[in-house]
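Each remark here refers to the structure printed beneath this line.
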């Protein structure tokens, strides 16, 4: 009997040892985070900045000990800025790379196409792009702005400071452009203004000649556009400038980095953003300094698309630490309970899976810098996804 007991004890020790080895091996495995981004297509103008902010976040997290003692690895895949590419990119990340989470800014068409893959793979997804709102999924949280936060500062400024009553709206013909301008039109009319023209061009279109002609013919007091981030913003602004149109122009989709690459074409353009490099906070100064140190002359201007990408890694880190593991269901639940204070301020995705944000109305100056005209604190996103638990 004593011999049997000894053997059982030895067996238990061996089993415990094997379990410890297995747990240590698991702890040593890296946490893989997927980034699907438009390295080609319409978003290729902004993608490099998004990649850089992802790289800095991972470097800083790893330098501080990783997440639960595990290093973080990036898996970056091109989604080609569109639906077909996004399906392929997310499929690669979820089922081939087997990432623990996806953190990505994308066009709305790409996001919508990718969500079924996220649902099938049950992978936590932080969507870091501003967008038209009300995209809801049990596995997704959003830390970018929505129309309820971004439109009112621009429309109110044009109405109050510029005396604008008649507005012309221009967008790309897909979910973002249509959704943003539908909300903008309703807001303008609610405030007593009038939309005298509304035109759309396909997302890959670049000839705005007919649209510019219509703007000229109706003579609106102000113009507001919602085009796909990147190339369409540039082509529209260039053609407006070339036509000699000088009316107040607000762009609901342009980022600071793109604006700076446009030279005098962007001078005078208005933008409403939650992040601008001119934000005077210690966290933003530290962020800019760290980006500058890491990338030097190759640094792409941090902007409204790349900064939320950066902070999303720290939101994910906080969620994993709160959950005590990378278990998808536990982490997804925890994402609605954590916060992170970064360059934009405190961010918590607890407002129906979105976040309150301080918004800034800015205007592009002749040297490419953005003058912050007004700041609107803690703007609520409204009821975005109230039925997703």
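Taken together, 247, 252, 223 contain a single residue that is touching a strand residue (DSSP E or B) at 6+ places or on another chain (Cβ under 6 Å), surrounded by fewer than 21 Cβ atoms within 10 Å (Cβ to Cβ) and under 23 Å from residue 367 (Cα atoms), which is 247.
Of the candidates 213, 217, 274, the single residue that is under 18 Å from residue 147 (Cβ atoms) and at pLDDT 95 or above is 274.
On the basis of being assigned by TED's automatic domain parsing to the domain that holds residue 330 and under 17 Å from residue 314 (Cα atoms), does residue 128 make the cut? Criteria met by residue 128.
The set of residues in the stretch 373-389 being in contact (Cβ under 8 Å) with a residue 40 or more places away in the chain and either under 19 Å from the mean Cα position of the chain (by Cα) or surrounded by 15 or more Cβ atoms within 10 Å (Cβ to Cβ) (or both) consists of 376, 379, 380, 381, 382, 384, 385. Look at (1) modelled with pLDDT under 95; (2) touching a helix residue (DSSP H, G or I) at 6+ places or on another chain (Cβ under 6 Å); (3) surrounded by fewer than 20 Cβ atoms within 10 Å (Cβ to Cβ) and you find that residue 195 fails only one, number (1).
Tell me whether the stretch 210-224 contains one or more residues that are in a strand (DSSP E or B), in contact (Cβ under 8 Å) with a residue 60 or more places away in the chain and over 30 Å from residue 80 (Cβ atoms). Looking for residues that are in a strand (DSSP E or B), in contact (Cβ under 8 Å) with a residue 60 or more places away in the chain and over 30 Å from residue 80 (Cβ atoms), one finds at least one in the stretch 210-224, hence yes. Looking across the stretch 333-344 at every residue that is in contact with a strand residue (DSSP E or B) (Cβ under 8 Å, 6 or more places away or on another chain) and surrounded by 19 or more Cβ atoms within 10 Å (Cβ to Cβ), the one that is farthest from residue 33 (Cα to Cα) is identified as 344. Among the residues making up the stretch 270-283, a single one is surrounded by fewer than 24 Cβ atoms within 10 Å (Cβ to Cβ) and within 17 Å of the chain's Cα centre (by Cα): 277.
Kindly indicate whether residue 267 is more than 19 Å from residue 340 (Cα to Cα), surrounded by fewer than 24 Cβ atoms within 10 Å (Cβ to Cβ) and at pLDDT 95 or above. For residue 267, the condition - more than 19 Å from residue 340 (Cα to Cα), surrounded by fewer than 24 Cβ atoms within 10 Å (Cβ to Cβ) and at pLDDT 95 or above - is met. Of all residues in the stretch 110-136, those satisfying the criterion of being assigned to a loop (DSSP other than H, G, I, E, B) and farther than 30 Å from residue 188 by Cβ are 122, 123, 124. From the residues in the stretch 102-140 that are surrounded by fewer than 20 Cβ atoms within 10 Å (Cβ to Cβ) and on the phi > 0 side of the Ramachandran plot, which one is modelled with the lowest pLDDT? Out of the qualifying residues, it is 134. Taken over the stretch 156-188, residues that are surrounded by 24 or more Cβ atoms within 10 Å (Cβ to Cβ), assigned to a helix (DSSP H, G or I) and within 23 Å of the chain's Cα centre (by Cα) amount to 5.
Taking the listed residues 151, 99, the one that is surrounded by 24 or more Cβ atoms within 10 Å (Cβ to Cβ), in contact (Cβ under 8 Å) with a residue 40 or more places away in the chain, part of a helix (DSSP H, G or I) and under 20 Å from the mean Cα position of the chain (by Cα) is 151, with no other qualifying.
The values are calculated or read from the model by the stated rules, or taken from the named source; none is laboratory data. On a predicted model such as this, the values are computed, not experimentally measured, just so you know. Counting neighbours? That spans all protein chains shown, and the Cβs are built from the backbone with ideal geometry, glycine included.
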